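**Q** I am attaching a structure below and will ask some questions about it afterwards.
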Amino acid sequence: MNRQWVLQMGEGYYGRRGTLGIATPQANVTAETEFRALLPRGVACATVRMASNKPHPEDRLRAYFTDIALTLDRFDSLAMGAIGLACTGRVISWVMPLSRKDLLN
């Protein structure tokens, strides 16, 4: 058994202080690394992919968010303290403009 791995488990690398779930676009490989770099020691990170078969980026982004409940269901029974969505903010603002009321509901 890899002793370093065992030592890391004891230091809380597996969610001793909680778990953050993140949903990322299907081809985004950088969000997980970036989120993990920002997390404090002892907080785990679990990732699920937002998937869509839409060929156009705008339609694909819409599908990511209109189908978000299906995406988050894939976390199944994993207990999380919070969920983050990792997607380019500027793109979202012109694809799915939201009012303050939309954000509060």
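**Q** Modelled label-to-label distance, ARG16 and GLU58, 7 Å Cα→beta-carbon offset: nm?
**A** Going from the ARG16 label point to the GLU58 one covers 5.0 nm.
**Q** Obtain the nm distance between the two label points defined at LEU78 and ALA51 by a simple spin-label model: each point lies 7 Å from its Cα along the Cα-to-C-beta direction.
**A** In this crude spin-label approximation the distance works out to 1.5 nm.
**Q** List every residue whose amide H lies under 5 Å from the amide H of LEU85, counting only residues 5 or more places away in sequence or on a different chain, with H placed 1.01 Å from N in the peptide plane.
**A** ALA23
**Q** Work out how much length PHE65 to VAL29 would gain on full extension: take 0.36 nm times their residue separation and subtract the Cα-Cα distance, in nm to one decimal. Provide the component values of the computation, followed by the final result.
**A** Working: separation 36, 0.36 × 36 = 12.96 nm, distance 1.87 nm.
Contour length minus Cα-Cα distance gives 11.1 nm.
Rule-based calculations on the coordinates, nothing more; no lab input. Model, not experiment: these values are computed from the prediction. Cβ coordinates were reconstructed from backbone atoms using ideal geometry, including for glycine residues, and neighbour counts include every protein chain displayed.
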